[in-house]
Amino acid sequence: MTEPRVELRQVSKTYDTQQGHTLALRDVSLRVMPGEIVTILGPSGCGKSTLLNLVAGFEPPEEGEVLIDGQPVESPAPDRLVMFQEGALFPWLRVHDNVAFGLRMQGVGKAERRAQAMEQLKTVGLEQFSHHLLHELSVGMRQRVALARALVMHPRVLLMDEPFAALDAQTRDGLHATLQELWASAGTTTLFVTHNIREAACLGDRVLVMSPRPGTIVAEREVHAERPRHIEDDPVMQVARSLRQELHAAVEAAA
Amino acid sequence: MMGDPRHAQPLRRSTLRLPRPDRAWWKHLGAGVLFLLLLFGGWEALARMGFWPRYLVPAFTDVLRALWGTAQSGGLVAGLAASVMRLVLGYGIGLVLGLGLGLWMGRSRIAESTLGSVALGLQALPSVAWLPLALIWFGLSETAITFVVVMGTVFAIAVATSTAIHQTPHTWERAARNLGARGHALLLHLTLPAALPGIAMGMKQGWSFAWRSLIAAEMVYSTVGLGHLLMFGRELNDLPLVMAVMLVIVAVGLAADRLAFGRLEVAVQRRWGVGRRDAKLPA
């Protein structure tokens with residue numbers, strides 16, 4: 001049996017807030033197999049972003065273990081790349097230099113990183129915009145740049161933190177299509193966090209439902225619909241309907 | 001499925017580029033020149049009407065004549081040269097120290113909570129107030145004046161730099177660390193460029209502080225320089241000379257802003273996409 005790419009074992013995490021301790025995650029266990037795409041669905045403030053931060057290594061868990069290919073996570077590293085909701089691109093760099101940032105940090109030579117960045121930009125359809133500044137691009141195009149910046153590093157796992165939440169439906173559909181093409185060709189293991197039920201059903205091989213405060217996984221659902229999927233495909237809608245009930249039950253139980 | 005190609009321009013390679021002067025810019029410039037002509041014309045007419053004695057309210061042409069006179073005698077050139085040399089030296093030292101101090105305060109919590117409040121307090125102290133201390137420490141010397149200029153510069157730049165670093169979005173640093181930036185690379189490729197718009201503003205403010213403190217210091221103690229020339233005119237009761245030197249001081253300040261600091265600020269803002277998207281060249 002293969003080893004899981006990402007594994008959380010009974011992870012808990014609290015935060016100090018002005019109201020005192022807040023339990024953000026309680027006893028969360030999950031496994032993501034190599035090449036698998038797992039979406040985590042939960043309402044705002046349920047600790048989904050905290051979960052990604054732990055896998056990224058931005059913060060340590062209080063209890064439990066976070067493992068990548070069996071090794072405990074200690075600090076942030078380019079083998080676990082986060083794609084942030086707001087992109088977090090660097091405005092002083094042109095598009096291709098943003099994409100090449102991680103390669104530059106690894107000491108890859110200028111010509112080589114330029115070539116790799118251009119290749120990756122092609123996969124997201126932005127090769128003509130390689131010399132643009134970020135404020136000259138639309139929000140959707142910027143998220144494509146962020147996707148290219150992560151994938152050019154060939155991470156062992158891609159961590160996506162509601163990356164399409166600020167996009168209009170049409171732009172988001174385009175990014176869903178591109179993302180599924182890239183999964184088909186590169187097979188990148190992905191942990192995708194969202195509060196959008198249909199998005200979770202559309203993108204995930206498996207959907208985990210999280211309850212709010214303290215965040216814990218309350219339901220799990222496999223999605224067998226064929227890829228590429230569209231957010232309004234019937235099988236996706238059917239899964240979304242049953243997920244909606246599970247999510248509501250979780251929120252009710254927590255309230 | 002692509003986003004909107006709103007800006008499908010040809011490839012551009014320049015690092016920092018200024019907007020090109022356009023029609024609106026020339027119009028703006030024209031309006032400014034016209035206004036100055038009216039202002040000086042009105043001044044000239046008012047002074048010549050004879051409501052007040054000319055030695056108290058000289059005409060604009062009297063001031064120009066005094067300017068020409070001091071320029072021909074060499075007094076203006078010597079004073080201007082001395083002042084600009086002191087300014088460049090003092091500002092240069094202040095810039096280096098201010099950037100260093102600002103980076104330290106921006107990156108270390110302890111430095112921020114200790115030096116930070118001191119720097120903020122000292123920034124509020126008019127830097128000419130350092131002159132008595134400087135005169136006691138360094139005697140009646142160039143060093144004393146340079147010291148005052150450095151003190152006028154350093155805290156403005158330090159506070160602006162550390163503020164800019166603190167205002168850098170948290171996710172930028174996370175993203176950079178995630179992509180493998182550590183230590184010096186993080187400083188060079190994230191902290192500094194992210195703070196550059198704020199640093200540019202601090203450099204501009206530091207420059208104007210330096211210029212003010214220099215003139216003030218030269219007025220209190222100096223044997224040469226524009227500040228000294230001002231006091232020299234006062235001793236001769238030569239108001240046209242005083243006003244001529246004031247005009248020169250304003251002109252140097254404006255020139256530095258328009259030719260260097262204003263341009264730097266606009267270029268950085270456009271590149272970073274912050275501030276006014278349509279930031280214009282200062283006219």
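Counting other beta carbons within 10 Å of each Cβ, put B:L187, A:L81, B:L259, A:L134 in order, fewest first.
Values: B:L187 14, A:L81 28, B:L259 11, A:L134 19.
Going from sparsest to densest Cβ surroundings: B:L259, B:L187, A:L134, A:L81.
Kindly rank B:103-109, B:41-47, A:205-211 from highest to lowest mean number of other beta carbons found within 10 Å of each residue.
Top to bottom by mean Cβ count within 10 Å: A:205-211, B:103-109, B:41-47.
Ranking A:H131, A:H195 by Cβ neighbours within 10 Å, fewest first, what do you get? Please list the in-between numbers first.
Values: A:H131 15, A:H195 18.
By the 10 Å Cβ count, ascending: A:H131, A:H195.
What does the C-alpha gyration tensor say about the overall shape of segment A:45-166? Classify as rounded when a/c is under 1.5, otherwise prolate if a/b is larger than b/c, or oblate.
Working: a/c = 2.59, a/b = 1.56, b/c = 1.67.
Cα axes put segment A:45-166 in the oblate bin.
Once you keep just the Cα pairs under 8 angstrom separated by 6 or more residues, what percentage relative contact order results for segment A:109-177? Display every interim value, and only then the final one.
On the way: 34 pairs, mean separation 21.8, N = 69.
Once normalised by length, the contact order is 32 percent.
If you add up the charges near A:R227, with Lys and Arg at +1 and Asp and Glu at -1, over every other residue whose beta carbon is less than 12 angstrom from its beta carbon, what do you get? Walk me through the intermediate numbers first.
Details: positive: A:R229; negative: A:E181, A:D205, A:E226, A:D233.
Value of the local net charge: -3.
Tilt of helix B:23-48 relative to the longest C-alpha principal axis of chain B, in degrees (0 to 90, nearest 10)?
20
Calculate the mean, over all residues of peptide B:177-188, of how many other protein chain Cβ atoms lie within 10 angstrom of the residue's Cβ. Write out the running numbers ahead of the final one.
Numbers: counts 8, 18, 17, 13, 6, 3, 0, 0, 3, 1, 0, 0.
If you average over the peptide's residues, the count of other-chain Cβ atoms is 6.
Average partner chain C-beta neighbours within 10 Å, per residue of A:89-98? Mind showing how you got there, number by number?
Details: counts 3, 9, 8, 13, 3, 5, 0, 0, 0, 2.
Partner Cβ neighbours, averaged per residue: 4.
What FRET efficiency, computed as 1/(1 + (r/R0)^6) with R0 = 25 Å and r the Cβ-Cβ distance, is obtained for A:D69 and A:R213, rounded to the nearest 0.05? Could you put the intermediate results ahead of the total?
Values: r = 31 Å, r/R0 = 1.25.
Approximately 0.20, to the nearest 0.05.
Give a residue-ordered list of calculated ³J(HN,Hα) values for segment B:202-214 (Karplus: 6.51 cos²θ - 1.76 cosθ + 1.60, θ = phi - 60°; whole Hz; x for Gly, Pro).
Each residue's phi maps through the Karplus curve to give x, 5, 5, 5, x, 4, 5, 5, 4, 5, 4, 5, 5 Hz.
Can you give the FRET efficiency for A:Q18 and B:H184, using 1/(1 + (r/R0)^6), R0 = 41 Å, r = Cβ-Cβ distance, to the nearest 0.05?
On the way: r = 36 Å, r/R0 = 0.89.
Efficiency for this residue pair is about 0.65.
Can you tell me which of B:S127, B:S117, B:S162 moves the most in a GNM of chain B? Springs connect C-alpha atoms under 10 Å apart.
Residue with maximal mean-square fluctuation among B:S127, B:S117, B:S162: B:S117.
Normalised by the residues of chain B, what does the relative contact order come to in percent, with Cα pairs under 8 Å and at least six apart? Let's see the in-between values first.
Numbers: 313 pairs, mean separation 69.6, N = 283.
Dividing the mean separation by the residue count of chain B yields 25 percent.
May I ask you to compute the full-extension gain from B:E44 to B:I136, defined as 0.36 nm times their residue separation minus their alpha-carbon distance, rounded to one decimal in nm?
Details: separation 92, 0.36 × 92 = 33.12 nm, distance 4.53 nm.
Length difference between fully extended and current span is 28.6 nm.
HN-Hα J couplings of segment A:3-17 from phi, Karplus 6.51/-1.76/1.60, θ = phi - 60°, integer Hz, Gly and Pro as x?
Per-residue couplings from phi come out as 7, x, 5, 10, 9, 10, 10, 6, 8, 10, 8, 10, 10, 8, 10 Hz.
Report relative contact order for chain A in percent, whole number only (criteria: Cα-Cα under 8 Å, sequence separation at least 6). Working shown, then result.
Working: 519 pairs, mean separation 64.7, N = 255.
Reported as a whole number, the value is 25 percent.
Could you work out the helix-only [θ] at 222 nm for chain A, with each DSSP H run of four or more residues adding -39,500 (n - 2.57) and the total divided by the number of residues, to the nearest 500 deg cm²/dmol?
-11000 deg cm²/dmol
Count charges around B:H166 for me, please; just the other residues with Cβ under 11 Å from its Cβ, Lys/Arg as +1, Asp/Glu as -1.
Details: positive: B:R107, B:R109; negative: B:E112.
Local net charge: +1.
Could the peptides B:247-253, B:81-87 be put in order, highest first, of the mean number of other beta-carbon atoms found within 10 Å of their residues?
Details: B:247-253: 15.3, B:81-87: 19.3.
Packing order, densest peptide first, comes out as B:81-87, B:247-253.
Around A:E63, which amide H atoms from residues at least 5 apart in sequence, or from another chain, sit under 5 Å from its own amide H, with H modelled in the peptide plane?
Under 5 Å from the amide H of A:E63 lie the amide H atoms of A:S12, each far enough along the sequence or on another chain.
Amide H neighbours of A:R206 under 5 Å, counting only residues 5+ apart in sequence or on other chains, H built in-plane at 1.01 Å?
Residues meeting the criterion, in which the H sits 1.01 Å from N, are A:I37, A:T39, A:V223.
Which angle from 0 to 90°, rounded to the nearest 10, does the C-alpha axis of helix B:109-123 make with the longest principal axis of chain B?
10
Among B:G139, B:G233, B:G50, which one moves the most in a GNM of chain B with springs linking Cα atoms closer than 10 Å?
B:G50
Highest GNM mean-square fluctuation, chain A, Cα pairs closer than 10 Å: which of A:P163, A:P43, A:P91?
Comparing A:P163, A:P43, A:P91 in the GNM, the peak value goes to A:P91.
On a 0 to 90 degree scale, rounded to 10, what angle separates helix B:262-272 from the longest Cα axis of chain B?
For B:262-272 against chain B, the angle is about 10 degrees.
Nearest 5 is fine: what % of DSSP beta bridges in the protein assembly as shown come out antiparallel, could you say? Intermediate results must be reported in sequence, preceding the final value.
Values: 22 of 41 bridges.
Taking every DSSP beta bridge with both residues in the protein assembly as shown, the antiparallel ones total about 55 percent.
If each residue's Cβ is checked for other Cβ atoms within 10 Å, how do B:S222, A:S29 rank with the fewest at the top? Intermediate results must be reported in sequence, preceding the final value.
On the way: B:S222 23, A:S29 13.
Exposure proxy ranking, most exposed first: A:S29, B:S222.
Starting at the first residue of segment A:188-195, write each ³J(HN,Hα) from the Karplus equation 6.51 cos²θ - 1.76 cosθ + 1.60 with θ = phi - 60°, in whole Hz, x for Gly and Pro.
Per-residue couplings from phi come out as 6, 4, 9, 10, 10, 9, 7, 9 Hz.
Cα gyration tensor of segment B:179-283, axes a ≥ b ≥ c as square roots of the eigenvalues: rounded (a/c below 1.5), prolate (a/b > b/c) or oblate? Display every interim value, and only then the final one.
Values: a/c = 5.79, a/b = 2.28, b/c = 2.54.
Oblate shape, in that a/c is at least 1.5 and b/c is the bigger or equal ratio.
Given a Förster distance of 45 Å, report the FRET efficiency between B:Y55 and B:Q167 from their Cβ-Cβ distance, rounded to the nearest 0.05.
Numbers: r = 53 Å, r/R0 = 1.17.
My answer for the efficiency is 0.30.
Summing -39500 (n - 2.57) over the DSSP H runs of n ≥ 4 in chain B and dividing by its residue number, what mean residue ellipticity at 222 nm do you reach, to the nearest 500 deg cm²/dmol?
Working: 12 runs with 202 residues, N = 283.
Calculated from helices alone, the mean residue ellipticity at 222 nm is -24000 deg cm²/dmol.
Each value in this text was obtained by applying a stated rule to the coordinates, not by laboratory testing. On a predicted model such as this, the values are computed, not experimentally measured, just so you know. Note: ideal-geometry Cβ built from the backbone for every residue, glycine included; neighbour counts use all protein chains shown.
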